[in-house]
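A short write-up of the structure that comes next.
The values are calculated or read from the model by the stated rules, or taken from the named source; none is laboratory data. Since the model is a prediction, treat every value here as computed from it, not as a measurement. Note that each Cβ is placed from the backbone with ideal geometry, even for glycine, and that neighbours are counted across all protein chains shown. With ligands, DNA and RNA removed, areas are computed over all heavy atoms of the protein, side chains included. Shrake-Rupley method; radii C 1.70, N 1.55, O 1.52, S 1.80 Å.
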Amino acid sequence: AGPRPLAGRTALVTSGPTHEPIDPVRYIANRSSGRQGHAIAAALAARGARVTLVTGPTQQPDPPGCAVVQIESAREMLAACEASLPVDVAVFNAAVADWRVAGEADQKMKKDGGGPPTLSLVENPDILATVARAGALRPALVIGFAAETRDVVAYAQAKRARKGCDWIVANDVSPATGTFGGAENTVHLIMGDKVEDWPRMGKDGVAARLADRIAEALAPSAGT
Ligand code: C5P
């Protein structure tokens, strides 16, 4: 396939956390570093794909050769992802907040002596599930991530079916592994009934191997 097996292909990658506003100065977020998602975007671009990276706030430099769209909230991430379609492959690595605050305050909330406010939460859109069910705009290959702390492969298989994606990269994020925010990852690539258990490796290694698998799957000779 040569060194640029994804030349002429387009890709969408999501990365990082989302920030869900409480008021103009406060938000709810999570500890995602964006390392894995940014590395995947870079690996796809290095193989010749035209990559749109939709990312929440991270400390990561923009990966070379990618169009980077910076967003904050899950709803902004969904809009940016939908705007990037159609693409050949979409990889959803972002740690999207499950909930956002209902009725974000448009002024900073004050300590007015009345005690702490009660925040009520509403569910965010599931970006992966939405794109996986986008009808004619559905990418040929839709890949999700599953972070689990036990029964990693079984839970990830169920998630694959529920979300309607083709592959799931399942990673073990039990605290002992140091995966969240760390430089390494232990993953299982779930492609339907086929499961590959990858050795523990750097997030760049995971990105390179995943990009190679994607190139194989999209290659005309790979069949269906
Ligand atoms: O349901 P859960 O958050 O465990 O699913 C993880 C997968 O779904 C990841 O690929 C993540 O990027 C994606 N996801 C999403 N939108 C959400 C929640 C998760 O795209 N609102």
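Details
- Simple Cβ-charge dipole of segment 113-179, Lys/Arg +1 and Asp/Glu -1, about Cα centre, in debye nearest 20: 220
- Under 14 Å from the Cα of Lys111 - aspartates and glutamates, other chains or at least 8 residues apart: Asp23
- Whether the chain is rounded, prolate or oblate, judged on the alpha carbon gyration tensor where a/c under 1.5 counts as rounded: prolate
- Loop trypsin sites (Lys or Arg not before Pro), segment 1-103, which have at most 11 other Cβ atoms in a 10 Å radius of their Cβ (DSSP): Arg31
- Sparsely packed trypsin sites (Lys or Arg not before Pro) within segment 119-166, loop by DSSP, other Cβ within 10 Å at most 12: Arg150
- Under 5 Å between amide hydrogens, built in the peptide plane, is the criterion, and for Ile71 it picks out Thr55, Gly56 among residues at least 5 positions away or on other chains.
- Protein heavy-atom accessible surface, 1.4 Å probe, per residue over segment 154-224: 49 Å².
- Of all lysines in the structure, the ones whose alpha carbon falls short of 27 Å from that of Lys194, not counting any fewer than 8 places away in one chain, are Lys159, Lys163, Lys203.
- For segment 60-215, a crude dipole built from +1 on the beta carbon of Lys and Arg and -1 on the beta carbon of Asp and Glu, taken about the Cα centre, is about 200 debye to the nearest 20.
- Taking 0.36 nm per residue of sequence separation and removing the Cα-Cα distance, the Arg31/Ala67 pair yields an extension gain of 10.6 nm.
- Placing R0 at 35 angstrom, the Cβ-Cβ distance between Met191 and Ala105 gives a FRET efficiency of 0.20 after rounding to 0.05.
- Amide H contacts of Thr10 (H built 1.01 Å from N, in plane; Pro and chain starts excluded): Arg50, Asp88, Val89 sit under 5 Å, all sequence-distant by 5 or more or on other chains.
- Among the protein heavy atoms of segment 47-88, carbon and sulfur supply 47% of the accessible surface, probe 1.4 Å, non-protein parts ignored.
- The label-point distance for Glu184 and Ala136, in a model that sets each label 7 Å from Cα toward Cβ, rounds to 4.9 nm.
- Build a GNM of the chain with springs between Cα atoms under 10 Å apart, and of Val91, Val54, Val195 the one that fluctuates most is Val195.
- Annotation for Leu121 and Glu82: the two label points, set 7 Å from Cα along the Cα-Cβ direction, are 2.4 nm apart.
- Separation of segment 136-194 and segment 1-41, taken as the distance between their Cα centroids, equals 15 angstrom.
- Nearest-0.05 FRET efficiency for Trp198 and Arg150, computed from C-beta distance (R0 25 Å): 0.85
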